[in-house]
Each structure stands twice: as structure tokens, then as C-alpha cells.
């Protein structure tokens, strides 16, 4: 799949420049008998459904013209969402100071699951504050990580208005 991503990535980047969006992530995966190309796009102020539709049409046309991979595929274009998955050092660095959920492949200090404030991220891993204690988590053992948006952050504090 790495070879497919290397061929598809320049086409995705070109469409992103033209549409003035950021490519948050690109995933090419086999799911049973089909190949799925997933592109997550973002921009300051967020992504709307129309942005995804336009990006998808333009990228689909570019993929048809350049034919970067053999066989059929399914193209999915979406926003990374509010609880976005964090997969690259740049993703982690962009959310420093915010709450994250991290699932590990191995135990660190007796736990494989961490929820806390991301203090910093560098090329080797992240530092997370969990209950006032700092833990160093290398990328090599991170199985899954997501931004952890609380309902309070999403909807604000205060009483319900009726």
C-alpha cells in the first residue's frame, strides 16, 4: 500500500492546493476485496459537506486521468472530525495543551490506556499528563490516539436554555 500512497499523494496534494484545504491524512487500505482511498481534509474554520464533495469530484477526475493504481477503488473524502485520530508527529504537536486518549501496544507503568493533557510532542514520542504525573509515550508503541473533546468544550458551560 505504501507504493500506492506514493503515487496518489502528489495528486491529493495538487487538488488540496487548488481547493485551499490541508490534507490531514491519507490512507490507502485493502478492505476485503476492495481498495479504499480515504482522504481527510481540513482548514481553518472547519470543513463543510460541500468542500468534501468538491474535493472528491476533483480528486476522482485526477485519479481517472493519471490512473496511479491498478484495479478499482472506493474514494472517501471527509473531515477528520472533532475527535480526530492522531497519527503523525505533526498531528500531536498541533494539539499540545489539549486532552487526548491514547491506546498502547504495550504496558507503560502498568497501563495501556492513557487519557490526559498532551504536554509536548517531538519526533520520537509524546509527553502526557495523567492525573498530575507525566508519562513519556514513544510513537512506536502507540496503537491509537485521538483528540478528546469534552462536552463542556464542545457545547460550553452554563445552564440549559429553554
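Here are the numbers:
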| item | result |
| --- | --- |
| Set 98, 84: member being farther than 22 Å from residue 28 by Cα and touching a residue at least 24 places away in the same chain (Cβ under 8 Å) | 98 |
| Residues (touching a residue at least 24 places away in the same chain (Cβ under 8 Å) and over 17 Å from residue 67 (Cβ atoms)) located in region 2-30 | 16, 18, 19, 21, 24, 25, 29, 30 |
| Residue within region 21-34 that is assigned to a helix (DSSP H, G or I) and outside the structural domain of residue 147 (by TED's automatic domain parsing) present | no |
| Scope region 95-119; condition over 13 Å from residue 144 (Cβ atoms) and surrounded by 14 or more Cβ atoms within 10 Å (Cβ to Cβ); matching residues | 95, 96, 99, 108, 116, 117, 118, 119 |
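Conditions tested, residue by residue: (1) in the same structural domain as residue 147 (by TED's automatic domain parsing); (2) in contact with a helix residue (DSSP H, G or I) (Cβ under 9 Å, 6 or more places away or on another chain); (3) modelled with pLDDT of 95 or more.
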| site | (1), (2), (3) |
| --- | --- |
| 41 | no, yes, yes |
| 46 | no, no, no |
| 52 | no, no, yes |
| 58 | no, yes, yes |
| 66 | no, yes, no |
| 71 | no, no, no |
| 84 | no, yes, no |
| 101 | yes, no, yes |
| 108 | yes, yes, no |
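The values are calculated or read from the model by the stated rules, or taken from the named source; none is laboratory data. What you see is a predicted model; the values in this text were computed from it and never measured. Here the Cβ is made from the backbone with ideal geometry for all residues, glycine too, and neighbour counts use every protein chain on show.
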